[in-house]
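Chemist: Following this message is one structure expressed as structure tokens.
The values are calculated or read from the model by the stated rules, or taken from the named source; none is laboratory data. The model shown is predicted, which means the values in this text are computed figures rather than measured ones. A quick note on method: Cβ atoms are made from the backbone with ideal geometry, for glycine too, and the neighbour counts reach across all protein chains shown. Areas reflect the complete protein model, heavy atoms only, side chains present, ligands, DNA and RNA absent. Shrake-Rupley method; radii C 1.70, N 1.55, O 1.52, S 1.80 Å.
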Amino acid sequence: MTTTTGTAPSPRALARQRRRASVARFWRQYRSERAGLYGLTALSLCALLALFAPLVVGSDVSSVTDAPGRPMQSPSAGFPLGTDQFGRDLLGLVIWGSRVSLLVGLLAAVLSVAIGTLIGVTAGHFKGWYATVMMRITDWFLVMPTLVLAIALATVMSRSLTTTVVAIGVTTWPTTARLVRAQTLAVETRPYIERAKALGGGHWHIMSRHVLPNVMPLVLAQTTLIISSAILAEATLAFLGLGDPTVVSWGGLLQDAREAGAVSAGDWWYLVPPGIAIAVVALAFTLCGRAVESVLNPRLGVSR
């Protein structure tokens, strides 16, 4: 008599199954957050417009020499949002500007979270004089006005998108570093960390295999919240004339409107659309971030 037994799944297959189950559980809980769904819908629409902007409005929408309308033309059937000081279609400029504003916001947030996570994890793991020095540097950045530091960096560096990303990223990381360090200290007290050390696990192994996966939910929630702040910071720098003058962004449109005298002339169509776009995207990212926070338990680093 012969018996057949099924082949046991490999460790990698089991890990993939657990990850899929975790993602499915996260999505089920996220869908129960109505505000988060509204924010996700708004972000999806903005992302699609930014991605397909060359097809929707054409790549020559920012051209000054080929402007299709008259300068400062009020909204009409041909130009739903009016025209700017050069006669360019403001609807097309707002759609095209979403590419730069979203890109800079995402890159700056990623840079900020990467710096904060690195400093937070290492300061929580190594402790001692290293943690003291890192936390004092973090405290110094926390008490300094973020916008003032970003303006100072953008002023001394060349005016480009890279400068804007760096100026925002290197001035907004302290909050993430504080949160990640606190989470790392909590994770380091767990028994499996002691077992890993007893089995000969080195610093890199413990931080990358045990600590980092447990702080990633916190990092994810923090990233979504920082993106909205980064978009607002990019718009502020562009409005102050510290952005890249060769690209179209929402903050740049507001700065152009100010220079064209739209405020004193009452040309509201030049000011309102980019301002609403900035507010909607910032609010959408905030709603998504709050929804992620409510689904994930940042203190424990696990799903509720």
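Chemist: In region 198-228, what count of residues is obtained for those that are open to solvent by 40 Å² or more (accessible area, probe 1.4 Å), touching a residue at least 40 places away in the same chain (Cβ under 8 Å) and touching a helix residue (DSSP H, G or I) at 6+ places or on another chain (Cβ under 8 Å)?
Modeler: Matching residues across region 198-228 total 3.
Chemist: Among the residues of region 186-197, write down those that are part of a helix (DSSP H, G or I), at pLDDT 85 or above and open to solvent by 60 Å² or more (accessible area, probe 1.4 Å). Before you say what the answer is, go through the steps one by one.
Modeler: First pass over region 186-197, keeping only residues part of a helix (DSSP H, G or I): 186-188, 191-197.
Checking the rest, the ones that are also at pLDDT 85 or above come to 186-188, 191, 195.
Those that are part of a helix (DSSP H, G or I), at pLDDT 85 or above and open to solvent by 60 Å² or more (accessible area, probe 1.4 Å): 191, 195.
Chemist: Here's something else I'd like to know. So which residues in region 161-185 are open to solvent by 30 Å² or more (accessible area, probe 1.4 Å) and either touching a residue at least 12 places away in the same chain (Cβ under 8 Å) or farther than 23 Å from residue 243 by Cα (or both), if there are any at all? Before you say what the answer is, go through the steps one by one.
Modeler: Here is the first cut: in region 161-185, the residues open to solvent by 30 Å² or more (accessible area, probe 1.4 Å) are 161-162, 166, 170, 172, 175, 178-179, 181-182, 185.
Selection gives 161, 166, 170, 172, 175, 178, 179, 181, 182, 185.
Chemist: Within region 96-141, how many residues turn out to be among the small types (Gly, Ala, Ser) and over 19 Å from the mean Cα position of the chain (by Cα)?
Modeler: As a first pass, look at region 96-141 and keep what is among the small types (Gly, Ala, Ser): 97-98, 101, 105, 108-109, 112, 114, 116, 120, 123-124, 128, 131.
From what's left, over 19 Å from the mean Cα position of the chain (by Cα): 123-124, 128, 131.
Counting residues in region 96-141 that are among the small types (Gly, Ala, Ser) and over 19 Å from the mean Cα position of the chain (by Cα) gives 4.
Chemist: Could you list, in sequence order, the residues of region 7-61 that are of a type in the set (A, V, I, L, M), closer than 23 Å to residue 106 by Cβ and not in a helix (DSSP H, G or I)? I'd like the intermediate steps shown before the answer.
Modeler: Of region 7-61, the ones of a type in the set (A, V, I, L, M) are 8, 13-15, 21, 23-24, 35, 37, 40, 42-43, 45, 47-51, 53, 55-57, 61.
When the remaining residues are screened for being closer than 23 Å to residue 106 by Cβ, the result is 23, 35, 37, 40, 42-43, 45, 47-51, 53, 55-57, 61.
Those that are of a type in the set (A, V, I, L, M), closer than 23 Å to residue 106 by Cβ and not in a helix (DSSP H, G or I): 57, 61.
Chemist: Please give the number of the condition residue 93 fails out of (1) surrounded by 17 or more Cβ atoms within 10 Å (Cβ to Cβ); (2) within 17 Å of the chain's Cα centre (by Cα); (3) closer than 28 Å to residue 242 by Cα.
Modeler: (2)
Chemist: Going residue by residue through region 129-137, is there one that turns out to be touching a Leu at 6+ places or on another chain (Cβ under 6 Å), closer than 29 Å to residue 231 by Cβ and surrounded by 14 or more Cβ atoms within 10 Å (Cβ to Cβ)?
Modeler: Looking only at region 129-137, we keep the residues that are touching a Leu at 6+ places or on another chain (Cβ under 6 Å), and these are none.
No, region 129-137 contains no residue that is touching a Leu at 6+ places or on another chain (Cβ under 6 Å), closer than 29 Å to residue 231 by Cβ and surrounded by 14 or more Cβ atoms within 10 Å (Cβ to Cβ).
Chemist: I've got another one for you. Looking at (1) open to solvent by 60 Å² or more (accessible area, probe 1.4 Å); (2) at pLDDT below 90, which is the only condition residue 267 fails?
Modeler: Just one mismatch for residue 267, condition (1).
Chemist: So, one more: For region 275-290, which residues satisfy the criterion of being within 20 Å of residue 75 (Cα to Cα) and either over 19 Å from the mean Cα position of the chain (by Cα) or of a type in the set (S, T, N, Q) (or both)?
Modeler: none
Chemist: In addition: Tell me which residues, restricted to region 124-160, are free of Cβ contacts under 8 Å to residues at least 12 places away in the same chain, over 13 Å from residue 177 (Cβ atoms) and of a type in the set (D, E, K, R).
Modeler: 127
Chemist: Going by what's in this entry, would residue 289 be described as among the small types (Gly, Ala, Ser), open to solvent by less than 20 Å² (accessible area, probe 1.4 Å) and modelled with pLDDT under 90? Don't jump to the end; show me each part of the working.
Modeler: Working: among the small types (Gly, Ala, Ser): yes; open to solvent by less than 20 Å² (accessible area, probe 1.4 Å): yes; modelled with pLDDT under 90: yes.
Judged against the criteria, residue 289 is a match.
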